1. Which residue, 38, 80, 21, has the most motion in a Gaussian network model of the chain that connects Cα atoms within less than 10 Å?
2. Using a simple spin-label model with points 7 Å from Cα along the Cα→Cβ vector, what separation in nm is obtained for residue 29 and residue 81?
3. How large is the helix-only mean residue ellipticity at 222 nm for the chain, computed as the sum of -39500 (n - 2.57) over DSSP H runs with n ≥ 4, divided by its residue count, in deg cm²/dmol to the nearest 500?
4. Just to be sure I understand: if I project the alpha-carbon convex hull of the chain onto a plane and average over all orientations, what area do I get in nm²?
5. Longest exposed-loop-site-free stretch of the chain, with trypsin sites (Lys or Arg not before Pro), DSSP loop and at most 16 other Cβ within 10 Å?
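Any read-out appearing in this document is the output of simple, stated calculations on the displayed coordinates, not a laboratory observation. Since the model is a prediction, treat every value here as computed from it, not as a measurement. We place every Cβ from the backbone using ideal geometry, glycine too, and count neighbours over all the protein chains shown.
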Amino acid sequence: MSVNPGPYNPTPTGQNQFARLGFPGKYHSTLTWSGGQLDLTGSNYGYGAFMYSGSNTNGTISVAGGGSIAINNFEEKRILEVSVSQVSGSVAPGGVVYLFKRQQ
């Protein structure tokens, strides 16, 4: 007699483990921004940290509770925890801002 175990699959594949156990670490998704305006609302809600690379980053991070911060005021290639609501401005060629979505 065979028994149908249902949707559970005991094989520890990568995707199956994330579905069963959740995501490890503080962050589970990332977006990259290289200029223009990016609103972090709706399906982009939940980005609570950023990091940038590129010395001529003339972008601005808008903080969810109010106010804004020039990205190049921070140390390059260091993750900074800030509740980001919008990113706007420009990035020099080769530069990029990485936004990290936090676990809830």
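1. Maximum among the listed residues: 21.
2. Using points 7 Å along Cα→Cβ, the separation is 2.1 nm.
3. The helix-only estimate for the chain comes to -2000 deg cm²/dmol at 222 nm.
4. 8.6 nm²
5. It works out to 27-76.
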